[in-house]
Amino acid sequence: MRGRREPQSLMLAFVDLEQRVPKDHPLRTIRVLADQALAALSATFDAMYAQGGRPSIPPERLLKASLLIALYSVRSERAFCEQLDYDLLFRWFLDMQLIEPSFDPTTFTKNRKRLLDHEVGRGLFDLIVGQAQDRGLLSDEHFTVDGTLIEAAASLKSFKPRDEQPSRTTDDDPGNPSVDFHGEKRSNATHQSTTDPDARLAKKGGTTARLSYMGHALMENRHGLLVDFQITTATGTAERDVVTPLLNRARERGFHPATLGADKGYDTHDCVADLEAQGVKPHIARTSPTTAGARWMTRPPRRPATGSARDCVSASRRSLGG
């Protein structure tokens, strides 16, 4: 029988968010790990806020919301707050009631500096890594390092000469004028962003140069999990300069680096020499066969074949009685 839609809306309904989320949903495991780590940071959260005044948005909720933004690639915090109004999965993950209103997106902005000053993000990350290590999910000896560019929240129009000479505008818009950069040579030595002075003009892999920072990741080789990260100024040697601090921090956290893999960007004499001085065996790709790049470790030679493939198959069949 054909079903008919009911135009009369329910005036009273009971919705259990716990039953709405599938039992095998990946967010269930992530939620347990995140809640355990956030519970360990409770003393830090108490020190961040005053004893009196109006209650704020729980910092645990802000951190878990940032985690959802990263996992689901939500384009902005404002878009996330709009989606939170109707997304039951997000509300369940943040421990929000069904009729509880979404918070204002400016809450992220007002609390971001507070979270950064107390290094809450770093503490949460370290606790999650510790949980993975306790469960035997991390390699203790073998690691890989790599770097990437993180685009800064600054426009190229803000990249102006350090002597503050006015740029050539092409219209009379005082707020966001069009700027003509044709024929102008711009570099980090002569120019600086007025919006974000620490950002540097950089590019990687043949892409267009943008104002960026350099992000560094240290990964273990068993499951490819991230065990440490760092953000530095985007310079030509930033990737190699941060290798030693990353390895030292890994040792402080109980790891025992034995080998380190890296791409061609790390193929320099100084980088390889520093690794060998620390007792770490470098596995670095060579830039070219003629590079005198240093004393990197190569694969052992292959064992010479003792017979043809057909002979090997025949021998296997004879051993199996075939």
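When only the heavy atoms of the protein chains count and the probe is 1.4 Å, how do TYR266, TYR49 rank by accessible area, highest first?
TYR49, TYR266
What is the sum of charges around TYR266, taking Lys and Arg as +1, Asp and Glu as -1, for the other residues whose C-beta is under 12 Å from the C-beta of TYR266?
Result for the neighbourhood of TYR266: -4.
Considering all projection directions equally, how large on average is the shadow of the alpha-carbon convex hull of the range 11-147, in square nanometres?
Average of the hull's projected areas for the range 11-147 equals 11.3 nm².
Run the dipole for the range 110-160 about the Cα centre, Lys and Arg Cβ at +1, Asp and Glu Cβ at -1, nothing else charged, and hand back the magnitude in debye, nearest 20.
Taking the Cα centre of the range 110-160 as origin, the dipole is about 660 debye.
Please give the direction-averaged projected area of the C-alpha convex hull for the range 42-91, in square nanometres with one decimal.
Averaged projected area of the range 42-91's Cα convex hull equals 4.4 nm².
The values are calculated or read from the model by the stated rules, or taken from the named source; none is laboratory data. Just so we're clear, the structure is a prediction, and the values are computed from it rather than from any experiment. Reconstructed Cβ throughout: ideal geometry from the backbone, glycine too, with neighbour counts over all protein chains shown. Just the protein is used for accessible areas: all its heavy atoms, side chains included, with ligands, DNA and RNA removed. Shrake-Rupley method; radii C 1.70, N 1.55, O 1.52, S 1.80 Å.
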